[in-house]
Structures are given as structure tokens and as C-alpha cells.
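The structure under discussion appears below in the form of C-alpha cells.
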Amino acid sequence: MRFVRYKDSNDTESIGIIRDDSIVKIDYSSIYEAYDEYCQNNYLKELYVEDMDNVKFLTPTIPSKIICVGLNYKDHASELKMKLPDEPLLFMKSSTSMIAHHDEIIYPKISQQVDYEAELAIVLLEDVKYDEFNENVKFAYSIVNDVTARDLQQKDGQWTRAKNFDTFCPIGPCLVTDMDASNLDIKLEVNGKVRQNSSTSNMIFSPMELIEYVSSIMTLNKGDVIATGTPPGVGQLHKNDTVSITIEGIGTLENTVK
């Protein structure tokens, strides 16, 4: 199931499911409520069909935190000539850095090098309390662009400023539930040219391993995001670029740079 948050033609915040090239509006207050209903009864209260071109996408989740993985693709490690890590390298992005599908990425005045990073995102559909992980945890998948001011990252020697400018975490367009993410094509294009092209089969740590690892450190709240790392081919964005990330089974997240 592909769930979306959006504003309809009347500018009303709504929940829907993507079906073919349309959005079916559903009668629920949140994606979590709708997913629980579907799990319990295999049923959703459908209202009417929306033209996807007439809606404004919203971020599919509003997390308390975004946890990111620094190096999680074997082919990316090979590209960088780095040893595979023994455990995930974590950092965080602020929820205020999030924007939705079709929103604009704002190029900071103080940076001269802003990079893209295509990533599969895990979104928690229930709380996972500290050190209480179980393999039946409910979660979904989405797409994240871990936008980074690379020059500031190198200047600072740590990542907080470089990763957390407003608009530096595009996410969406939807949440996909009950999907096998072990072997999905992941591709990023800038102005129609392919810059990253890999598969989630190259991940060092699987989504389930990442949830277990992160929850051994901190409680994960419903809606929290884990960005699972980027494949090789990371590179620079420029003003007026259009960047799109496509992950098999999820869709395409597209944003322009302003």
C-alpha cells in the first residue's frame, strides 16, 4: 500500500493512497490510523479519486527525529576506498530540514558546494522503546535526499551544520508498507542525467538491522525516520537543477534547487 499526505484542491490536509496515476482520498486522520485499520480489517474507507496534478504533496511523516547512516553501501565504500564498517555510523538531521515532493531546495548563501545523496528511508509506524526491539516492528519505506553542504562539512569537521539547513531533507512522495526492500533499484538523476544507480542489495546493514541498532541507543517514536545511506556517485547540485530519486516499488521524489 502506498500512503500519501497531501492538500487537496480545496487546500484541505488529507490522507490518500496512490492507485495507478491517481490518489484515492481515504477517511482517516493519519496514515498510522489507516494502516492499522487495513492490518486489522483488510479494508479502507475510500471517499473519492483526486487528480494527482491538482494536489500539493506533504511530507508523508512528521518525525520527532531523523537518524541517518553515514556509510551503508558496499559499492560506495569501494568507491571511497574505505573499509566496511563494523557497525553503523550515525548522525542526525532536524525535522525542520524536511520538505515534500516538488518543494524547492534552497541553496544556502554561505555554501559553495551542495551535494545530493539518494537514500531509502525507513519510517516507523509504531514506537520502539529503548532496548525493546522485536522483529515484528511495524514500519514503512519512503525516499530521502540527504542534501549536504559538503564544503561546510569539511570545514567544520563534523556534520551538524552541513546537514541541517532548512529544505535539506526532501522526503516522499509516499509511505510504502509491506514491501521487501532487500533488492530494489535506486537511481538519482540531475536534469535527466543519471548520477547514482545501484541496488539496496548492496547495503551493508539491512533495514531491520538498522532499526535494531538505533533502538538499542534511543527510543524510536512513531513517524521517526531512518535514512539508510547513499550509494556511489554522490555529486554537486547547482541552482535551477532538478533532482529526482526513483526507488523501485516506491516511486519518484523530485525537487528543484533555488
(message) Could you check segment 171-217 and list, in sequence order, the residues that are polar (S, T, N, Q) and under 17 Å from Ala118 (Cβ atoms)?
(response) Asn183, Asn191, Gln196, Asn197, Ser198, Ser199, Thr200, Ser201, Asn202
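For residues that are closer than 14 Å to Ser64 by Cβ and out of contact with any Ser or Thr (no Cβ under 8 Å at 6 or more places or on another chain), scanning just segment 93-108, find the one that is surrounded by the most Cβ atoms within 10 Å (Cβ to Cβ). Lay out the reasoning, then the answer.
Quick first cut of segment 93-108, residues closer than 14 Å to Ser64 by Cβ only: 93-98.
The next check asks that each one be out of contact with any Ser or Thr (no Cβ under 8 Å at 6 or more places or on another chain); those that pass are 93-94, 96.
Details: Lys93: 25, Ser94: 16, Thr96: 12.
Filtering segment 93-108 for residues that are closer than 14 Å to Ser64 by Cβ and out of contact with any Ser or Thr (no Cβ under 8 Å at 6 or more places or on another chain), the one surrounded by the most Cβ atoms within 10 Å (Cβ to Cβ) comes out as Lys93.
Of Pro108, Pro207, which residue is modelled with pLDDT of 95 or more and either under 24 Å from Lys258 (Cα atoms) or assigned by TED's automatic domain parsing to the domain that holds Arg19 (or both)?
Values: Pro207 fails: either under 24 Å from Lys258 (Cα atoms) or assigned by TED's automatic domain parsing to the domain that holds Arg19 (or both).
Answer to the selection: Pro108.
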(message) Looking only at segment 221-258, filter to residues that are part of a loop (DSSP other than H, G, I, E, B) and on the phi > 0 side of the Ramachandran plot; which one of those is surrounded by the most Cβ atoms within 10 Å (Cβ to Cβ)?
(response) Gly229
(message) With the requirement that a residue be hydroxyl-bearing (Ser, Thr, Tyr), surrounded by 18 or more Cβ atoms within 10 Å (Cβ to Cβ) and farther than 15 Å from Phe139 by Cα, what does segment 1-44 give you?
(response) Tyr6, Ser14, Tyr28
(request) Mind listing whichever residues of segment 67-84 are hydrophobic (A, V, I, L, M, F, W, C) and over 20 Å from the mean Cα position of the chain (by Cα)? (result) Ala77, Leu80, Met82, Leu84
(request) Starting from segment 159-175, take each residue that is at positive phi and polar (S, T, N, Q) and list its partners that are assigned to a loop (DSSP other than H, G, I, E, B) and crowded, with 24+ Cβ neighbours inside 10 Å, counting only C-beta distances under 6 angstrom and pairs at least six apart or across chains. (result) none
(message) Only one of Ala121, Ala162 is in a helix (DSSP H, G or I) and aliphatic (A, V, I, L, M). Can you tell me which?
(response) Ala162
(request) Select from segment 76-92 the residues that are surrounded by 17 or more Cβ atoms within 10 Å (Cβ to Cβ) and either among the aromatic types (Phe, Trp, Tyr) or modelled with pLDDT under 95 (or both) and list them in ascending order. (result) His76, Ala77, Phe91
(request) Return the total of residues in segment 203-220 being among the β-branched types (Val, Ile, Thr) and assigned to a strand (DSSP E or B). (result) 0
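What are the residues in segment 207-241 that are hydroxyl-bearing (Ser, Thr, Tyr) and within 18 Å of the chain's Cα centre (by Cα), if any? Give the steps one after another, and end with the answer.
Applying the first criterion (hydroxyl-bearing (Ser, Thr, Tyr)) to segment 207-241 yields 213, 215-216, 219, 228, 230.
The answer is Thr228, Thr230.
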(request) Would you mind telling me which numbered condition in (1) among the hydrophobic types (A, V, I, L, M, F, W, C); (2) touching a strand residue (DSSP E or B) at 6+ places or on another chain (Cβ under 8 Å); (3) part of a helix (DSSP H, G or I) Ala77 fails? (result) (2)
(request) Give the residues of segment 45-69 that are surrounded by fewer than 17 Cβ atoms within 10 Å (Cβ to Cβ) and in a loop (DSSP other than H, G, I, E, B), sorted by residue number. (result) Lys45, Ile62, Ser64
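The values are calculated or read from the model by the stated rules, or taken from the named source; none is laboratory data. These numbers come from a predicted model, not from an experiment. Glycine gets a Cβ as well: all are built from the backbone with ideal geometry, and neighbour counts include every protein chain shown.
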